Each structure stands twice: as structure tokens, then as C-alpha cells.
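Asks: My structure is below; once you've seen it, I'll send some questions.
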Amino acid sequence: MTATADRDPGLQPERTRLAWRRTTLSATVVALLAGRQALHSGASPAALVAVALTAVAWLGLLAVSHLRVRRMGVARPEPLAPRGALTAALCTVAFAVFAVAMLF
């Protein structure tokens with residue numbers, strides 16, 4: 001038996017794809033709520049910059065997620081590259097930092 005034959009391509013890749021999609025959906029909700037909050041609270045210049053940077057972080061997370069979901073379509077997907085993991089982590093931290101910036 002080969003290593004490819006030993007691997008069950010069943011539910012794990014599907015669960016991983018769904019997890020990335022949930023993460024992207026959550027990030028979308030965060031970005032939309034940030035924009036809504038900025039518009040309803042007077043839209044100070046700092047808040048507008050925070051919203052714009054939140055949109056950039058959302059696009060970065062969306063790109064990483066899309067690439068990861070596409071690569072999960074094979075029976076033996078490659079692990080997430082360190083660059084992709086770092087990008088996803090930085091986007092997540094950026095969401096928190098921009099949320100705090102919007103409060104001030």
C-alpha cells in the first residue's frame with residue numbers, strides 16, 4: 001500500500017474547508033459591523049482609517065482562506081504554508097487592534 005492509499009480522503013478535508021469558510025464568514029461579519037459602527041458613531045477620521053484597514057485585513061484573510069479551501073480538494077493536501085498561517089494570524093490580530101482603535 002502506498003501513503004496515498006492509506007489516507008482516507010473522507011471527512012477531514014471537508015471539515016477543514018468548512019472551518020475556513022466559517023472563519024471567513026465570521027471575519028465578514030466583523031468587518032461589516034465595524035463599518036456600521038463607524039458610520040453610526042460620527043465617522044471620525046481614525047474610525048474611517050480603522051474601517052479601511054479592517055477591510056484590507058478581511059481581504060487578506062479571504063485570500064488565504066480561498067487558497068486553502070482550493071488546496072483541500074485533493075486526497076492528500078499539503079500543509080498550510082507558514083506564510084499563509086502568519087497572514088491569517090496577523091489579520092486576526094489586526095481585527096482586534098482596529099476594533100480597539102475604533103473605540104477611541
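Asks: Please determine, by comparing only the residues of the range 43-65 that are part of a helix (DSSP H, G or I) and of a type in the set (S, T, N, Q), which one is farthest from Ala31 (Cα to Cα). Spell out the reasoning first.
Replies: To start, the set of residues in the range 43-65 that are part of a helix (DSSP H, G or I) comprises 45-65.
From what is left, the residues that are of a type in the set (S, T, N, Q) are 54, 65.
On the way: Thr54: 6, Ser65: 16 Å.
Step by step, filter the range 43-65, then rank; the result is Ser65.
Asks: Check whether at least one residue in the range 8-15 is open to solvent by less than 30 Å² (accessible area, probe 1.4 Å) and at pLDDT 85 or above, and report yes or no. If you could, list the steps in order and put the result at the bottom.
Replies: The initial filter retains those residues of the range 8-15 that are open to solvent by less than 30 Å² (accessible area, probe 1.4 Å), namely 13.
Still in the list and also at pLDDT 85 or above: none.
Within the range 8-15 (the criterion being open to solvent by less than 30 Å² (accessible area, probe 1.4 Å) and at pLDDT 85 or above), the answer is no, since none of the residues qualifies.
Asks: Ok, one more. For residues that are surrounded by 13 or more Cβ atoms within 10 Å (Cβ to Cβ) and small (Gly, Ala, Ser), scanning just the range 27-42, find the one that is nearest to Cys91 (Cα to Cα).
Replies: Result: Ala27.
Every residue, every condition in (1) open to solvent by 40 Å² or more (accessible area, probe 1.4 Å); (2) out of contact with any Pro (no Cβ under 6 Å at 6 or more places or on another chain); (3) among the aromatic types (Phe, Trp, Tyr), yes or no:
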residue	(1), (2), (3)
Leu48	yes, yes, no
Leu53	yes, yes, no
Leu62	yes, yes, no
Val69	no, yes, no
Ala75	yes, no, no
Ala89	yes, yes, no
Phe98	no, yes, yes
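The values are calculated or read from the model by the stated rules, or taken from the named source; none is laboratory data. Nothing here was measured: the structure is a model prediction, and the numbers come from that model. FYI the Cβ positions are ideal-geometry reconstructions off the backbone, even for glycines, and counts take in every protein chain you see. For the accessible areas, the whole protein counts, side chains as well, though only heavy atoms, and no ligand, DNA or RNA atoms are used. Shrake-Rupley method; radii C 1.70, N 1.55, O 1.52, S 1.80 Å.
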